[in-house]
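Participant: One structure coming up, written as structure tokens, with questions to follow.
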Amino acid sequence: MADLPDRRGVLYPDRLPTFHREDAPSELRDRIRWFWIPRWRLAPGETSRQELLPFPASNLVVDPGGVSLSGPTTGVSHRDLSGSGWAVGALLRPAGLASLAAEPRRLRDAETPL
């Protein structure tokens, strides 16, 4: 179950096997709002759809598949989780995105590997 006293941005926290947020260290708070860490282990054949609300921020995400940068979204989307997995994401402030992307506006509704 999600370990979230602050459930902003999470539509169905009870669908997440574990989900944790960690404050950014003080020296990074001008670039990162917080870190988010989901982990899941689902039974074979089971899928958990995670609905994602549009949010005017970007995320730097590390998962077993690599590192990616996800831009702000303008519509509802979803991710289907299956099997087992994890990710570590950083919810970026505008200064954080500008330090990672030469043209931040190109990331609207997009995700790119780093």
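Read-outs: derived from the displayed coordinates by stated rules, not from any lab. Since the model is a prediction, treat every value here as computed from it, not as a measurement. Cβ sites come from the backbone with ideal geometry, for glycine too, and all protein chains shown count toward neighbours.
Participant: May I ask for the percentage of alpha-carbon pairs in the range 53-94 that lie more than 12 Å from each other?
Facilitator: Of all Cα-Cα distances in the range 53-94, 65 percent exceed 12 Å.
Participant: Fewest first, what order do SER82, SER26 take by the number of other Cβ atoms within 10 Å?
Facilitator: If I rank by nearby Cβ atoms, fewest first, I get SER26, SER82.
Participant: So what's the back-of-envelope 222 nm ellipticity for the chain, counting only DSSP H runs of four-plus at -39500 (n - 2.57) apiece and dividing by all residues, rounded to 500?
Facilitator: -1500 deg cm²/dmol
Participant: Dipole of the chain, Cα-centred, from +1 at each Lys and Arg C-beta and -1 at each Asp and Glu C-beta, to the nearest 20 debye?
Facilitator: Charge dipole of the chain: 180 debye, to the nearest 20.
Participant: A follow-up question, please. Along the charge dipole of the chain, which of LEU92, HIS20, PRO64 sits closest to the positive end, that is, farthest toward it, with unit charges on the beta carbon of Lys, Arg, Asp and Glu (+1, +1, -1, -1)?
Facilitator: LEU92
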